[in-house]
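Every number here is computed from the coordinates shown, using simple stated rules; none is lab data. Everything numeric here is computed off the predicted structure, so don't read it as measured data. Ideal geometry is used to build each Cβ from the backbone, glycine not excepted, and the neighbour counts take in all protein chains shown.
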Amino acid sequence: MKRSSIGKTIRLTAMCYVAVMAGIAAFVNSCSKSTPSATKVATSESSLQVDKVAAAQPLQQNAPQTNTVTVAAIRKSSDGTVNEVMFNELAELFTVQDAAVLGVLQHALDNNRMVSIKFDPWNGIVLYANVVTLAEEQAHQSREVINAPGTGIPVNLATMDADVINGATAAMSVLNTSTPGLTNVIPDFATAQLMFDYIVKQCCALPSPYGIDHCISFQYCQDGCYARAHKMCWIINNRYHYATHKIFSFANSGSDRLSVKCLKWRGCCVTWWYHVAPLVNVKTPTGVKAYVFDAAMFDQPVLLATWLHAQENPSCVTGTSVARVSMINIQPTASYSPAGYSGLTFNTDPTYSSTNSTLISYAPLHTCY
């Protein structure tokens, strides 16, 4: 072979190598942007209530999904033209366009019955609904529910002092101080960032192997926040031995909705009726502050007020709907997902069966693709 041909071959091989490595770096960076200097917003959220992890199957991108759920509420949109429905097991806010489907959901809500639904999470539409069997109902009702009357805190982020919000856990630290072997306050932000960086590495959009049994679907923002939060708390509690709370945000008043722009995942908008993430106490130079771990939304732990404000993005709502957090509820780690529209009762998942089956199902899915 001539020298010129050899040189061309070497140059072509080098160019291909550089292109491949650049592609891999771009893919990895989609999950692991964990520099403290740049805080970027994205999203998270919901659950497939499957009793056995072995029954969970990965879902297909852009395909309709099915789930067995309980109806939290049905309401009209702010202009009265669209029926909006919320499910306890799904954080995404849906619309119903079929009168027959709406009738089944209204019957289920009125009679406290479970329903099996087929839905399009990409467009937020419920396509089909049917009341489940009594056997399925009994299996659901056997789960422990945490009743927490008086714990909901109405908020108005436009007028509330950020320092008051960020100090919220100081008065509620009793939630986890009785847990053996857990330290209630993380000593500094650097330690919190170290834990956050480890959690980010468990993202399903990154290549395996992972440090835990199932990767965490941070890249799928429509739903699954409850499963992500439960698994993140498990890591913080069991790997690092720090206590956690759960912070729930709700849009459960009027035409409120949580509206988030997924800047980490190509910038589309997602709307929820609730969201949840781990809440921790971190010692800072100005005192103990409430920080949130949400790797679907941010590249680092963020103050509670920052997390809440990110859910009121006005560019993600249309018509007369309002991007607003109606109330928050700080719960013990055991609380998994809401058990009602009021945001004062919560389902649990002590065996992590729902957590793990949700993570398995959502692992191949992506938001904004």
Phi-based couplings in Hz for region 269-276 (Karplus 6.51, -1.76, 1.60; Gly and Pro marked x): 9, 10, 10, 10, 9, 8, 8, 8
Long-range HN-HN contacts of ASP299 with modeled amide H, under 5 Å: LYS40
Calculated from backbone phi, Karplus (6.51, -1.76, 1.60) coupling profile of region 151-161 in Hz, x at Gly/Pro: 8, x, 10, x, 10, 9, 5, 5, 10, 6, 6
Violating pairs (Cα-Cα greater than 24 angstrom) within the set LYS76/LYS264; LYS118/LYS231; LYS231/LYS264; LYS118/LYS246; LYS246/LYS289; LYS261/LYS283: LYS76/LYS264; LYS118/LYS231; LYS118/LYS246; LYS261/LYS283
More than 18 angstrom apart: percent of Cα pairs within region 239-369: 61 percent
Calculated P(r) of region 188-246 - Cα pairs past 20 Å, %: 23 percent
Average silhouette area of region 292-348, convex hull of alpha-carbon atoms, in square nanometres: 5.1 nm²
Column: log10 I(q)/I(0), Debye, Cα scatterers of region 79-129, q = 0.28 Å⁻¹: -1.26
Under 5 Å, built H, 5+ apart or other chain: amide partners of VAL132: MET114, VAL115, SER116
Whole-Hz ³J(HN,Hα) from phi, Karplus 6.51 cos²θ - 1.76 cosθ + 1.60, for region 323-328, glycine and proline x: 7, 7, 7, 7, 7, 10
Nonlocal amide H pairs with GLU312, under 5 Å, H built at 1.01 Å: SER259
Pair GLU137, THR95: separation of 7 Å Cα→Cβ label points (nm): 3.2 nm
